[in-house]
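Undergrad: Starting off with a structure, shown below.
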Amino acid sequence: MDHAVRFAGPGSLMSTDIGHRDLRRAAAGTLTGNWTGTATLPSRTQYPHQWSWDSAFIAIGLAQVSQERAQHELLSLLGAQWGDGRLPHIVYNDRADEAYFPGPGFWASRRVPGAPEVSTSGIVQPPVHARAALTVFTQATDEAGALRFLTEAYPRLAAQHRYLRQDRDLDGGGLACIVHPWESGMDNSPAWDPFLAGLDLSQPFVREDLHHVPAAERPSDADYSAYVALAENYRDLGYDDGRLFAKHPFTVEDPLFNAILLDGELCLAEIARLLGRDPEPHRAAAYAIHRALLARLWDEDLGTFVARDARTGECATAVTVAGFVPLLDPWLPAAVRRRLIDLLVSPAFLGGCRYPVPTYDLRSRDFEPHRYWRGPAWVNTNWLVWIGTLRAGRPDVARTVRAATLELIQRSGFREYFDPLDGSGRGAHDFSWSAALTLNMLAAGDGPGHAAVPLPAPGRPVGYPRS
């Protein structure tokens, strides 16, 4: 059962301390209900393992209620890191290995040199983890204990970023490639359609997800078949990124993934400074991603950032919420920032529905308000847009995004995603990152610069223009 909070009318919950306490209590209760003793499940029904960027978002929320659990959430995930630095997108609970497909037997990670003893997948997810670690630190009352946590986490986070910036920069263009739609976090986004079209990827599979969620809210069988085939191909390559260009049909530069990597480098720079280490390599890495984002993924005609096939140079034309995540880049030119904000507040997104932010342009003919990543609003992408608009110096837009997100939670509980037209909840119930990021939004309030939303100073790395 969802921990929905009932209230008298729009905005009334947010106007009282009692309402705030009720919502915080409900969110904390959801996270406690999904806690296994070692990690927090995304939900008890559909997702019986530990997911990578879920745990990062969960730690951000747990920082408000339990430093011990927040730190453990991240460190337990980092403990499953591979020797090459990759942080797998799933860490399997062996007691539930038949309850989700693909399971550990599919990935066969234990047969790969450098993989951990625990069973994991072989792919990654967006690197929100450095931001999570810095947020956990800023909320700690025991500074010495929090510094010990950062000392343990920092080398693993730096290795994660190094893997993405080096091994996944497949053509030396300065951006990390994703090799599977699941790595984007936005699994079923319309952005991937042109890169999957025409591929002979028909494979048998088992749809465990449809035991929990209606088919109309999940990827189609054709999409799922493609996902399974791509995962099999990468597995059969031994997860060897050096063979991807020649042997793998999906090598895509994603604006959301790379903007989060840029933001994570700035967070690592701040962590390095706190630990008495040199922050400049991280700032320089962030600025290099900034330049590559503008050079490779900015679409002047669409006024947004789009995905790009690193092999062919083909760019997607789908206008999705991922295009707004580069607002996290503090060096964006003013004209680019303005174009992004104009699109965000237009009828295509904020201005076109009651419960934003939709994940796909509302005006598109194939917009689907209920189907996974092809239209619904999600708390985590709302949260990324919220931080991006704060970083961009638009607290007015940030307030709108925050208010809309909290209203969705008030209306429909901590659901996995939401219909942006009527606010109804979709997907899994009692979803952990929806609860966790609600806690973070409540802690931060409406104003920019709160410690719950650290915005590290970008500094002036090598190559930054000084005039």
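The values are calculated or read from the model by the stated rules, or taken from the named source; none is laboratory data. None of the values given here were measured: they were computed from a predicted structure. Glycine also receives a Cβ, built like all others from the backbone with ideal geometry; neighbour counts cover every protein chain displayed.
Undergrad: Could you count how many residues in region 218-262 are part of a strand (DSSP E or B) and not aliphatic (A, V, I, L, M)?
TA: Within region 218-262, residues that are part of a strand (DSSP E or B) and not aliphatic (A, V, I, L, M) number 1.
Undergrad: Given the structure, is Tyr92 free of Cβ contacts under 8 Å to residues at least 60 places away in the same chain and within 21 Å of the chain's Cα centre (by Cα)?
TA: Details: free of Cβ contacts under 8 Å to residues at least 60 places away in the same chain: yes; within 21 Å of the chain's Cα centre (by Cα): yes.
Judged against the criteria, Tyr92 is a match.
Undergrad: Also, quick follow-up: Does Asp278 fit the bill of being among the acidic types (Asp, Glu), part of a helix (DSSP H, G or I), at pLDDT 95 or above and over 18 Å from the mean Cα position of the chain (by Cα)?
TA: Working: among the acidic types (Asp, Glu): yes; part of a helix (DSSP H, G or I): no; at pLDDT 95 or above: yes; over 18 Å from the mean Cα position of the chain (by Cα): yes.
Judged against the criteria, Asp278 is not a match.
Undergrad: Residue by residue through region 389-402, note down the ones that are surrounded by 21 or more Cβ atoms within 10 Å (Cβ to Cβ) and under 21 Å from Gln64 (Cα atoms).
TA: At the first step, the residues of region 389-402 found to be surrounded by 21 or more Cβ atoms within 10 Å (Cβ to Cβ) are 389-392, 394, 398, 401-402.
Matches in region 389-402: Leu390, Ala398, Val401, Arg402.
Undergrad: Filter region 304-340 for residues that are free of Cβ contacts under 8 Å to residues at least 24 places away in the same chain and farther than 20 Å from Glu183 by Cα; which is nearest to the chain's Cα centre (by Cα)? Break it down stepwise before answering.
TA: To start, the set of residues in region 304-340 that are free of Cβ contacts under 8 Å to residues at least 24 places away in the same chain comprises 312-313, 315, 334-335, 338.
Subset that is farther than 20 Å from Glu183 by Cα: 334-335, 338.
On the way: Ala334: 25, Ala335: 26, Arg338: 24 Å.
Going through the qualifying residues, I end up with Arg338.
Undergrad: Within the group Ala269, Ala286, which residue is surrounded by 18 or more Cβ atoms within 10 Å (Cβ to Cβ) and under 20 Å from Gln125 (Cβ atoms)?
TA: Values: Ala269 fails: under 20 Å from Gln125 (Cβ atoms).
Matching residue, one of Ala269, Ala286: Ala286.
Undergrad: Which of the residues spanning region 163-216 are at pLDDT below 65 and polar (S, T, N, Q)?
TA: Once the filter is applied, which keeps residues that are at pLDDT below 65 and polar (S, T, N, Q), region 163-216 yields Ser202, Gln203.
Undergrad: Does region 403-425 hold any residues that are closer than 22 Å to Asp361 by Cβ and buried (at least 24 other Cβ atoms within 10 Å of the Cβ), and which are they?
TA: Thr405, Leu408, Glu416, Tyr417, Phe418, Pro420
Undergrad: Follow-up. If Thr405 passes every condition in (1) assigned to a helix (DSSP H, G or I); (2) touching a Gly at 6+ places or on another chain (Cβ under 8 Å) but one, which one does it miss?
TA: (2)
Undergrad: Can you pull out the residues in region 408-424 that are outside any loop (DSSP other than H, G, I, E, B) and closer than 20 Å to Leu384 by Cα?
TA: Listed by number, the residues that qualify are Leu408, Ile409, Gln410, Tyr417, Phe418.
Undergrad: Does any residue in region 223-242 that is without any contact (Cβ under 8 Å) to a residue 60 or more places away in the chain and surrounded by 18 or more Cβ atoms within 10 Å (Cβ to Cβ) come within less than 6 Å, Cβ to Cβ, of a residue that is hydrophobic (A, V, I, L, M, F, W, C) and in a helix (DSSP H, G or I) six or more places away or on a different chain, and which pairs are these?
TA: Ala226/Leu196
Undergrad: So which helices (runs of 4 or more DSSP H) stay within region 1-111 end to end and still have 3 or more residues that are surrounded by fewer than 23 Cβ atoms within 10 Å (Cβ to Cβ) and at pLDDT 85 or above?
TA: Values: elements: 17-33, 52-62, 67-78, 104-107.
Ranges flagged: 17-33, 67-78, 104-107.
Undergrad: On the given criteria, is Asn380 on the phi < 0 side of the Ramachandran plot and in contact with a Leu (Cβ under 8 Å, 6 or more places away or on another chain)? First the steps, then the outcome.
TA: Values: on the phi < 0 side of the Ramachandran plot: yes; in contact with a Leu (Cβ under 8 Å, 6 or more places away or on another chain): yes.
For Asn380, the condition - on the phi < 0 side of the Ramachandran plot and in contact with a Leu (Cβ under 8 Å, 6 or more places away or on another chain) - is met.
Undergrad: While we're here: Return the residue satisfying two criteria in turn: it lies in region 410-441 and is among the aliphatic types (A, V, I, L, M) and at pLDDT 95 or above, and of such residues it is farthest from Gln139 (Cα to Cα). Walk me through it before giving the result.
TA: The first filter runs over region 410-441 and keeps only residues among the aliphatic types (A, V, I, L, M), leaving 421, 428, 435-437, 439, 441.
Then keep just the ones that are at pLDDT 95 or above; that gives 421, 435-437, 439, 441.
Values: Leu421: 35, Ala435: 17, Ala436: 14, Leu437: 14, Leu439: 12, Met441: 13 Å.
Out of the qualifying residues, it is Leu421.
Undergrad: Applying the selection to region 292-337, what residues are in a loop (DSSP other than H, G, I, E, B), surrounded by fewer than 22 Cβ atoms within 10 Å (Cβ to Cβ) and acidic (Asp, Glu)?
TA: Selection gives Glu300, Asp301, Glu314.
Undergrad: Still on this model: In region 112-127, what residues are within 20 Å of Asn233 (Cα to Cα) and buried (at least 20 other Cβ atoms within 10 Å of the Cβ)? Lay out the reasoning, then the answer.
TA: So the first thing to find is which residues in region 112-127 are within 20 Å of Asn233 (Cα to Cα), and the list is 112-115, 119-125.
Correct list: Ala115, Ser119, Thr120, Ser121, Gly122, Ile123, Val124, Gln125.
Undergrad: Go through Thr151, Thr141 for me and flag whichever is in a loop (DSSP other than H, G, I, E, B), more than 29 Å from Pro48 (Cβ to Cβ) and either in contact with a helix residue (DSSP H, G or I) (Cβ under 8 Å, 6 or more places away or on another chain) or not charged (D, E, K, R) (or both). Talk me through it step by step, then tell me what you get.
TA: Working: Thr151 fails: in a loop (DSSP other than H, G, I, E, B).
Just a single option satisfies the conditions, and that option is Thr141.
Undergrad: Of all residues in region 165-198 being aliphatic (A, V, I, L, M) and buried (at least 24 other Cβ atoms within 10 Å of the Cβ), which is farthest from Val228 (Cα to Cα)? If you could, list the steps in order and put the result at the bottom.
TA: Of region 165-198, the ones aliphatic (A, V, I, L, M) are 170, 175-176, 178-179, 186, 191, 196-197.
Checking which are buried (at least 24 other Cβ atoms within 10 Å of the Cβ) leaves us with 175-176, 178-179, 186, 191.
Values: Leu175: 25, Ala176: 22, Ile178: 15, Val179: 12, Met186: 16, Ala191: 18 Å.
For region 165-198, the residue satisfying everything is Leu175.
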